[in-house]
Amino acid sequence: MRNTVHLTLFDVPLLILDLGILIVTLLGSILLWGYLDPHVEYQDLALSHLRAGVLDGVLILILWPAIFYGRGLYHPRVGQWRWWQELLAVAIATGLGTLILFALLILRGIPGHALPLLSFAVTFTVADCCLRRARRALLHLTDLERLYQPHVIILGSGPAALSCAAQARILGYIVLGCVDVQPLTRDRALPYLGHFDDFPQLLRRHIVDKIIVAMPLASVSDKAYNIIQYAKEQGLHLVFPFAQLFGPIYRHIDIETGLYLEHCDRMGSTWSLALYSGQGAGGQVVAKRLMDIAGASLLLVLSAPIMGAAALGILLTMGRPVLFTQKRLGYHGRPFHIYKFRTMVKNADDLQDKLLAYNERKGPAFKMTHDPRVTPFGRILRKTSIDELPQLFNVIRGEMSLVGPRPLPLKDYERMGDEIFRKRLSVLPGITGPWQVSDRDRVSFDQWMAMEMDYVDHWSLALDLKILAKTVWVVLVGRGSK
């Protein structure tokens, strides 16, 4: 059960990165110092100043992050700075640190040159800024919160809600507004979206990733509690600022039955507790995204000849267009266009309404074994799953994952009566998943949904690898879609 707690005062990986660059550049400046002053013997220097050097080194390793912290270089808003703003802040902090280092050398009576110190300051500033930017680019590729700006609704409408809205915007969140029994403030910064009873309708109208509870839990009404339970069922993240946690929290949140503690962290200037049900966040999610990017890129290269042959076959047998695109619902209800090789006649969507009477699957999804809309060449593409290969571009774009619930067309979601199925949207949809590696043509709609809900609730990287291995076997034996 994923219930580890991470207390983070600031960006710890960034701190470690800064310290690593600091150590490397300091060693480089010492080498330059010895090169410029041939009278300095490294062995004599080390013996005479060993104790002082160790103490000074420890002092620098403590003072350096303190200076950077004081300049705001570990604050979440750094990610919103322009490159020159970050360069200026790093240069000023490095200058202050270098002055302290120079003062320590003078106090110790250690001979030296100004050039190694200047070289150290310039090298550290440039290297630190470049690696910070490179790290941020990597995070944008692997972190869904950075790839998709989180949309939040605030539970409550008082001063605490206004404060939470301001802090959320600092972090780059899109604050949609608040829900409450009645608006306690008319501030334009926090639009009133409606009563607690309106929450299910709000989820249908808006993309929502997080719910921030900005009211003391001891005063949470049954209706507000129902929203918390509803959000849990939908796979939304729940954020509780610590200022709101005083009260009988465990009377309101049953962690053992589906809510997991994600982390304790800073939300701007206030501490918060983040809870989730389903995939959540963390190292495994980052590893999953890296696996998606690497795997999709490799598969695109390896399958390029097959995709070229498929495109040529479609042109010769069916004509244009080669690709079929359709709007589907992705992460937390964000619409995106899925790419597939076209396997049906051009007016397939229009013909589906006439074929609904022949639907072989109970539920909103349409299934017909001998679908007359599928062309002979398209049937081959479906049987071998080649028609799915263009979705690798969706994976690289961050709209899909290699493994996840199958993204459904918008009209299928509209026909779904049970809102609990929307929890499938709390993770990225996948090219393959538990349904695809089962005997999917014999699986009912309810069994299909149950498989994918179970995947969301018990997701792990090991489970993804297991499904990918099964997918290879399914493709090799030709058990693709009919």
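The values are calculated or read from the model by the stated rules, or taken from the named source; none is laboratory data. Note that the structure is a prediction, hence the values are computed from the model and not measured. Virtual Cβ from ideal backbone geometry, glycine too; neighbours counted across all protein chains shown.
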Q: Search the range 323-347 for residues being surrounded by fewer than 17 Cβ atoms within 10 Å (Cβ to Cβ) and of a type in the set (A, V, I, L, M), and hand back the single one that is nearest to the chain's Cα centre (by Cα).
A: LEU323
Q | Residues of the range 387-405 that turn out to be assigned to a helix (DSSP H, G or I) and closer than 15 Å to TYR331 by Cα, as a count | A | 3
Q: Specify which of the listed residues (ASP439, ASP353) is acidic (Asp, Glu) and closer than 20 Å to VAL474 by Cβ.
A: ASP439
Q: Filter the range 166-181 down to the residues that are under 22 Å from the mean Cα position of the chain (by Cα) and among the β-branched types (Val, Ile, Thr), then identify the one that is modelled with the lowest pLDDT.
A: ILE170
Q. Can you name the number of the only condition in (1) of a type outside the set (Gly, Ala, Ser); (2) more than 21 Å from ASP412 (Cα to Cα); (3) surrounded by 13 or more Cβ atoms within 10 Å (Cβ to Cβ) that ARG320 fails?
A. (3)
Q | strands (runs of 3 or more DSSP E) (entirely within the range 145-197) containing at least 2 residues that are charged (D, E, K, R) | A | none
Q) Any chance the range 281-298 includes a residue that's assigned by TED's automatic domain parsing to the domain that holds ARG382, at pLDDT 55 or above, out of contact with any Leu (no Cβ under 9 Å at 6 or more places or on another chain) and farther than 30 Å from VAL12 by Cα? A) yes
**Q.** Filtered residues of the range 438-482 (kept if free of Cβ contacts under 8 Å to residues at least 24 places away in the same chain, under 29 Å from HIS332 (Cβ atoms) and over 26 Å from the mean Cα position of the chain (by Cα))
**A.** SER438, VAL443, GLN447
Q | Residue that is within 23 Å of PRO407 (Cα to Cα), in a helix (DSSP H, G or I) and out of contact with any Asp or Glu (no Cβ under 6 Å at 6 or more places or on another chain), where the choices are ASP350, ASP371 | A | ASP350
Q) Would the range 348-355 turn up any residue that is farther than 26 Å from ALA231 by Cβ, touching a helix residue (DSSP H, G or I) at 6+ places or on another chain (Cβ under 9 Å) and not polar (S, T, N, Q)? A) no
Q: For residues that are in a helix (DSSP H, G or I) and in contact with a helix residue (DSSP H, G or I) (Cβ under 8 Å, 6 or more places away or on another chain), tally how many sit in the range 427-452.
A: 4
Q. Can you name every residue in the range 438-451 that is out of contact with any Phe, Trp or Tyr (no Cβ under 8 Å at 6 or more places or on another chain) and buried (at least 21 other Cβ atoms within 10 Å of the Cβ)?
A. none
